[in-house]
Structures are given as C-alpha cells and as structure tokens.
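Read through the structure below, which is laid out as structure tokens, and then see the notes.
The values are calculated or read from the model by the stated rules, or taken from the named source; none is laboratory data. None of the values given here were measured: they were computed from a predicted structure. All Cβ positions, glycine included, derive from the backbone under ideal geometry; neighbour counts span all protein chains shown. SASA here: full protein model, heavy atoms, side chains in, ligands and nucleic acids out. Shrake-Rupley method; radii C 1.70, N 1.55, O 1.52, S 1.80 Å.
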Amino acid sequence: MLCFGDPLFFDVRYTTIKEQYQINEEIRDKEVRVISANGEQLGIMSAQEAQSIADEENLDLVKISPTAVPPVCKIMNYGKFKFEQAKREKENRKNQKVVELKEIYLSMTIDIGDLNVKAKKTMEMLSDGNKVKVSIRMRGRQQAHASMGIDVMKRFFDMLGGKAVMDKAPKTEGRNILMILSPAK
C-alpha cells in the first residue's frame, strides 16, 4: 500500500489525470489534417510538418478531433484557447438553473384550512421552478382505506388551479401515497 511519503504515491495519483487535448510533440500520428490559425484548411500532412508550421508562427499544434480519419489538428494559441474554454464553461454554469424536488406532507384527515395553506406553499415552490413531491403517510387502519388518501391528493391537485402538471399520478407505495407535480408552462 502506498503512503503519502512514498515517491510512487505522487506518480500514481497524478498519472490518472489526462489532458483533454494532445498538443505539439504529444501528437504522434503519421498523417493529420491541418487547419491554420485563421481557419483555412492546409490539407493532410505529417505531424512533423504541421509542427514545424506551428513553430514558425510561434503557436501550438492542437489535436481537436482525435477520432476523425485522419485526425484533425489546428494551429492555435493553446493558452488562450484554454482560457476562452474555461470562460465559456463558467458562463454556462452560471446560466444553469438546478431544479430541486421539494416535498409537502399531507395527512388523510387534513382539514380544508390546512389544505389551503399547503396549496399556497406548493404554489410558491412551483413558481420558483421546482418540482414538488406530495406525500401522505398512512398509519394503522388508514392503510385499508388508501382510496381516501388518493381522493385527498386529487382534491389538493384541483386546488392548485392549473398552476401544476401531474408528472406522477397519486399512487400507493407501501405505507405512502405519492404524487409528483411540476410547474405548468
């Protein structure tokens, strides 16, 4: 077993991290299709010829499509390319909205006033763009009357007044009755 002080510890740990693109001398293909820095095709040539062209322009040769036959390489400034890519990924992450699954608990003997409060809270969650899981936990003799719980769920859904879409209809699963709602478009 490797420990922290062992020199092989660092080798094992860092050799598993692989760069996404092969650059410059890492490209060992016999022939590659080359695209210049301004986007025009230079044709198919050996990797050494392409590397010498990139060196003349003080740029890097980057393999952008390794699965193509022959592989496609582009002459570019790799540092600037990585920076632009990281900037795009950060912008995409910032624009993503994570949909959460919120949960509301009802009971089979819930009164109309409490049902109104729960419906109002559910509408707030749906307006935020989240999905809502509505559940009823049946206790004791209630398990013999699961249809009453499903009726409570349907009444609750009707109270939402078209602001929700039923992703999963009320269904008995063991001791629970579950229904999943998502915001109406």
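Taking region 132-144 only, how many residues are farther than 12 Å from L106 by Cα and surrounded by 12 or more Cβ atoms within 10 Å (Cβ to Cβ)? Looking only at that region, the number is 3. If the condition is being open to solvent by less than 50 Å² (accessible area, probe 1.4 Å) and either among the charged types (D, E, K, R) or in contact with a Leu (Cβ under 6 Å, 6 or more places away or on another chain) (or both), then region 43-60 contributes A50, Q51, A54, D60. Filtering region 112-121 for residues that are modelled with pLDDT under 90 and exposed (fewer than 15 other Cβ atoms within 10 Å of the Cβ) leaves an empty set. Highlighted here are the strands (runs of 3 or more DSSP E) found entirely within region 54-136 that include at least 3 residues which are closer than 30 Å to Y21 by Cα: 60-65, 72-76.
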